[in-house]
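**Q** Mind having a look at this structure? Questions to follow.
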Amino acid sequence: MKYRTLKPFPPGFLWGASTSAYQVEGAWNEDGKGPSVIDVMPSHPEGTTDFTVASDHYHRFAEDVALFSELGLTAYRFSIAWTRIIPDGDGEINAAGVAFYHRLIDALVAAGIEPIVTMYHFDLPAALDAKGGWVNRATVDAFARFSEVLFAEYGDKVTYWLTINEQNMMILYGEAIGTIKAGMPKSAIYQANHHMMLAQAKATNLCHDLVPHGLIGPAPNIALCYPATCHPEDVLAADDFNAIRNWLYTDMAVLGRYNSVAWAYLEELGATPEIAEGDLELLASARPDFLAFNYYASHAVARPSGTESDVAGGDQQIAVGEAGVYAGVTNEYLPKTEFGWEIDPVGFRNTFRALWDRYHLPLLVTENGLGAFDKLEDGQVHDGYRIDYLRDHIEQIQWAISDGVDVLGYSPWSAIDLVSTHQGAAKRYGFVYVNREEFDLLDLARYRKDSFAWYAKVIASQGADLS
Ligand code: BG6
């Protein structure tokens with residue numbers, strides 16, 4: 001539906017940008033930080049760097065916050081590295097790590113930028129992983145304790161909290177991201193999933209108990225799945241994949257129960273988790289204040305052809321297929337990025353509508369953006385392709401607002417260039433260019449891209465000027 005008059009962005013709308021600790025900070029072993037699963041990854045995809053220096057934000061955060069302020073951000077989403085706060089995940093607290101995030105948060109608050117804190121973004125402490133990671137139920141309590149430390153330290157400065165970034169991607173594509181070891185059985189993966197849900201529920205309840213003004217929610221990656229055709233079995237396959245990829249996570253987080261189609265899928269796999277006494281009550285008790293989500297593109301799927309393997313394959317935005325469940329297909333109506341991810345701004349509006357209809361909770365966009373091989377020439381980066389992507393998606397937020405969806409804010413990926421989860425430093429998303437190459441760190445100097453000036457104008461005009 002096209003409206004004659006689009007509703008404006010509401011007052012107080014959060015204009016943000018996002019990063020995650022391990023992808024931007026570097027300083028992987030400094031000031032008492034312990035190693036995370038990312039730091040001890042046995043190998044990185046060929047031709048890509050590790051995360052040891054990343055964008056050196058740990059040492060340059062003050063300069064970066066000054067740039068965020070110049071950009072006009074009213075919010076900045078970042079994650080706290082569990083291993084800086086509690087190096088082995090469940091032991092001593094590291095005062096130097098705690099102090100770093102105080103400095104960062106204080107700098108943001110002084111600049112009038114609302115901090116949005118992700119408590120856990122893929123970087124599980126390696127010491128916990130050695131004890132079984134999320135498959136080990138003890139990790140639930142370790143996370144709850146970590147969350148209590150965060151609420152006690154930063155609760156008076158931080159209102160917006162995100163529990164777990166993209167739990168669904170860690171479960172479905174954990175091998176690509178580096179959070180799951182190759183060959184792990186599905187029963188173990190979904191036991192880990194159950195434990196993460198318990199951890200999230202505990203942290204949500206703790207936030208409500210300990211941070212009077214605190215607002216907390218999950219941050220899954222939500223991509224609405226379209227049927228490849230109107231063949232009823234394609235529609236069924238899309239419905240199944242929506243349940244397995246999206247609703248399993250959001251129904252649990254928001255409604256406090258397992259999605260029945262996803263549960264049936266787990267039964268079929270022989271991968272239903274062990275549920276201990278009290279688990280279901282805990283899960284039902286935790287209610288988020290908002291639903292955050294990361295959106296890059298929709299998916300399209302067809303009924304399985306019989307050639308799919310048992311392993312999902314692909315990555316966050318490329319659904320290959322799974323035997324007996326669905327076959328990923330290319331959506332012929334959509335262009336693709338240089339990295340093969342489809343671009344679907346209208347799918348963004350479709351996704352807003354689906355989430356709003358399902359839950360009627362305020363929605364916060366915590367990621368959306370375009371990865372590209374940007375080029376620095378004479379101190380400039382002409383990333384008009386990124387401006388086009390962001391403009392088209394921001395327009396669709398306004399359509400969604402006009403549809404009646406309550407949208408709290410928009411925090412695209414990424415505030416500054418950082419290292420991609422599995423495609424290296426050359427895959428850039430930032431408004432600010434970081435002068436490094438894949439393996440050569442150069443001088444790591446910061447340069448404003450064309451998209452920086454454009455987004456500054458969007459923010460200054462409260463989204464009225466997208467030109
Ligand atoms: C999301 C993650 O999946 O997508 C980010 O939350 C990630 O950590 C972003 O960087 C873009 O993905 P990628 O694989 O291009 O880095």
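The values are calculated or read from the model by the stated rules, or taken from the named source; none is laboratory data. In this text the structure is predicted, and so the values were computed from the model without any measurement. Counting neighbours? That spans all protein chains shown, and the Cβs are built from the backbone with ideal geometry, glycine included. With ligands, DNA and RNA removed, areas are computed over all heavy atoms of the protein, side chains included. Shrake-Rupley method; radii C 1.70, N 1.55, O 1.52, S 1.80 Å.
**Q** Could you count how many residues in the stretch 431-464 are without any contact (Cβ under 8 Å) to a residue 24 or more places away in the chain, among the charged types (D, E, K, R) and farther than 18 Å from Asp383 by Cα? Walk me through how you get there before you give the answer.
**A** Going residue by residue through the stretch 431-464, those that are without any contact (Cβ under 8 Å) to a residue 24 or more places away in the chain are 437, 440, 442-443, 445, 453, 457, 461.
Then keep just the ones that are among the charged types (D, E, K, R); that gives 437, 440, 443, 457.
Keeping just the survivors that are farther than 18 Å from Asp383 by Cα gives 440, 443.
The total comes to 2.
**Q** Do the conditions hold for Tyr385, that is, is it open to solvent by 30 Å² or more (accessible area, probe 1.4 Å), outside any strand (DSSP E or B) and hydroxyl-bearing (Ser, Thr, Tyr)? Write out each step before concluding.
**A** On the way: open to solvent by 30 Å² or more (accessible area, probe 1.4 Å): yes; outside any strand (DSSP E or B): yes; hydroxyl-bearing (Ser, Thr, Tyr): yes.
Answer is yes for this residue.
**Q** Now for a separate question. Out of the residues in the stretch 167-192 meeting the condition of being without any contact (Cβ under 8 Å) to a residue 60 or more places away in the chain and either open to solvent by less than 40 Å² (accessible area, probe 1.4 Å) or among the β-branched types (Val, Ile, Thr) (or both), tell me which one is farthest from the ligand (Cβ to nearest atom).
**A** Taking the candidates together, the pick is Ala188.
**Q** Something else: Could you tell me whether any residue of the stretch 435-443 is buried (at least 17 other Cβ atoms within 10 Å of the Cβ), under 30 Å from His44 (Cβ atoms) and touching a strand residue (DSSP E or B) at 6+ places or on another chain (Cβ under 8 Å)?
**A** No; the residues of the stretch 435-443 include none that is buried (at least 17 other Cβ atoms within 10 Å of the Cβ), under 30 Å from His44 (Cβ atoms) and touching a strand residue (DSSP E or B) at 6+ places or on another chain (Cβ under 8 Å).
**Q** Go through (1) at pLDDT 95 or above; (2) surrounded by fewer than 20 Cβ atoms within 10 Å (Cβ to Cβ); (3) part of a loop (DSSP other than H, G, I, E, B) and name the single condition Ala354 misses.
**A** Unmet condition: (3).
**Q** More than 15 Å from the ligand (Cβ to nearest atom), open to solvent by less than 10 Å² (accessible area, probe 1.4 Å) and out of contact with any helix residue (DSSP H, G or I) (no Cβ under 6 Å at 6 or more places or on another chain): is that true of Gly371 in this structure? Lay out the reasoning, then the answer.
**A** Details: more than 15 Å from the ligand (Cβ to nearest atom): no; open to solvent by less than 10 Å² (accessible area, probe 1.4 Å): yes; out of contact with any helix residue (DSSP H, G or I) (no Cβ under 6 Å at 6 or more places or on another chain): yes.
The answer is no for Gly371.
**Q** A follow-up question, please. Those residues that are small (Gly, Ala, Ser), open to solvent by less than 60 Å² (accessible area, probe 1.4 Å) and over 16 Å from Thr74 (Cβ atoms), I need them from the stretch 444-467; list them, please. Talk me through it step by step, then tell me what you get.
**A** Step one: of the stretch 444-467, the residues small (Gly, Ala, Ser) are 445, 451, 453, 456, 460-461, 463-464, 467.
When the remaining residues are screened for being open to solvent by less than 60 Å² (accessible area, probe 1.4 Å), the result is 445, 451, 456, 461, 463.
Ala445, Ser451 - these are the residues of the stretch 444-467 that are small (Gly, Ala, Ser), open to solvent by less than 60 Å² (accessible area, probe 1.4 Å) and over 16 Å from Thr74 (Cβ atoms).
One line per residue, one yes/no per condition, for (1) open to solvent by 10 Å² or more (accessible area, probe 1.4 Å); (2) of a type in the set (Asp, Glu); (3) touching a Pro at 6+ places or on another chain (Cβ under 9 Å):
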{"position": "Ser43", "(1), (2), (3)": "yes, no, no"}
{"position": "Ser55", "(1), (2), (3)": "no, no, no"}
{"position": "His59", "(1), (2), (3)": "yes, no, no"}
{"position": "Gly72", "(1), (2), (3)": "yes, no, no"}
{"position": "Phe78", "(1), (2), (3)": "no, no, yes"}
{"position": "Trp82", "(1), (2), (3)": "no, no, yes"}
{"position": "Gly91", "(1), (2), (3)": "yes, no, no"}
{"position": "Gly112", "(1), (2), (3)": "yes, no, no"}
{"position": "Val117", "(1), (2), (3)": "no, no, no"}
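**Q** Just give me the residues in the stretch 323-351 being of a type in the set (Val, Ile, Thr), open to solvent by 60 Å² or more (accessible area, probe 1.4 Å) and farther than 28 Å from Leu408 by Cβ, in sequence order.
**A** Within the stretch 323-351, the first condition is being of a type in the set (Val, Ile, Thr), and the residues that meet it are 325, 329-330, 337, 343, 346, 351.
Filter again for open to solvent by 60 Å² or more (accessible area, probe 1.4 Å), leaving 330, 346.
Hit for the stretch 323-351 is Thr330, nothing else.
**Q** Filter the stretch 403-414 for residues that are within 12 Å of the ligand (Cβ to nearest atom) and open to solvent by less than 10 Å² (accessible area, probe 1.4 Å) and give the result.
**A** Let us first name the residues in the stretch 403-414 that are within 12 Å of the ligand (Cβ to nearest atom), namely 411-414.
Scanning the stretch 403-414 gives Ser411, Pro412, Ser414.
**Q** Does Ala400 fit the bill of being in a helix (DSSP H, G or I) and away from the ligand (no atom under 14 Å from the Cβ)? Talk me through it step by step, then tell me what you get.
**A** Values: in a helix (DSSP H, G or I): yes; away from the ligand (no atom under 14 Å from the Cβ): yes.
When the stated conditions are applied, Ala400 passes them.
**Q** Continuing with the same structure: Just checking, how many residues over the stretch 117-135 are more than 16 Å from the ligand (Cβ to nearest atom), touching a residue at least 12 places away in the same chain (Cβ under 8 Å) and not in a helix (DSSP H, G or I)?
**A** So the count comes out to 1.
**Q** Going through Ala144, Ala223, Ala237 one at a time, which residue ends up being among the aliphatic types (A, V, I, L, M), under 30 Å from Leu108 (Cα atoms) and open to solvent by less than 40 Å² (accessible area, probe 1.4 Å)?
**A** Values: Ala223 fails: under 30 Å from Leu108 (Cα atoms); Ala237 fails: under 30 Å from Leu108 (Cα atoms).
After ruling out the rest, the residue left standing is Ala144.
**Q** A follow-up question, please. Which of the residues that make up the stretch 357-368 are assigned to a loop (DSSP other than H, G, I, E, B) and open to solvent by 40 Å² or more (accessible area, probe 1.4 Å)? Talk me through it step by step, then tell me what you get.
**A** Narrowing the stretch 357-368 to residues assigned to a loop (DSSP other than H, G, I, E, B): 360-362, 368.
Listed by number, the list holds a single entry, His360.
**Q** Might you check whether a residue that is under 23 Å from the mean Cα position of the chain (by Cα), open to solvent by less than 20 Å² (accessible area, probe 1.4 Å) and at pLDDT 95 or above occurs anywhere in the stretch 304-322?
**A** Initially, the stretch 304-322 is screened for residues under 23 Å from the mean Cα position of the chain (by Cα), giving 311-321.
If we keep only those that are open to solvent by less than 20 Å² (accessible area, probe 1.4 Å) as well, we get 312, 315-317, 319, 321.
Retained after the next criterion (residues that are at pLDDT 95 or above): none.
No, there is no match, as no residue in the stretch 304-322 is under 23 Å from the mean Cα position of the chain (by Cα), open to solvent by less than 20 Å² (accessible area, probe 1.4 Å) and at pLDDT 95 or above.
**Q** Do we have Ala276 as assigned to a loop (DSSP other than H, G, I, E, B), in contact (Cβ under 8 Å) with a residue 12 or more places away in the chain and within 19 Å of Gly321 (Cα to Cα) here?
**A** Working: assigned to a loop (DSSP other than H, G, I, E, B): yes; in contact (Cβ under 8 Å) with a residue 12 or more places away in the chain: yes; within 19 Å of Gly321 (Cα to Cα): no.
No; evaluated as a whole, the condition is false for this residue.
**Q** Something else about it: How do the helices (runs of 4 or more DSSP H) wholly within the stretch 174-267 filter down when requiring 2 or more residues that are touching a Gly at 6+ places or on another chain (Cβ under 8 Å): which remain?
**A** Numbers: elements: 174-177, 186-210, 232-242.
Those helices (runs of 4 or more DSSP H) span 186-210.
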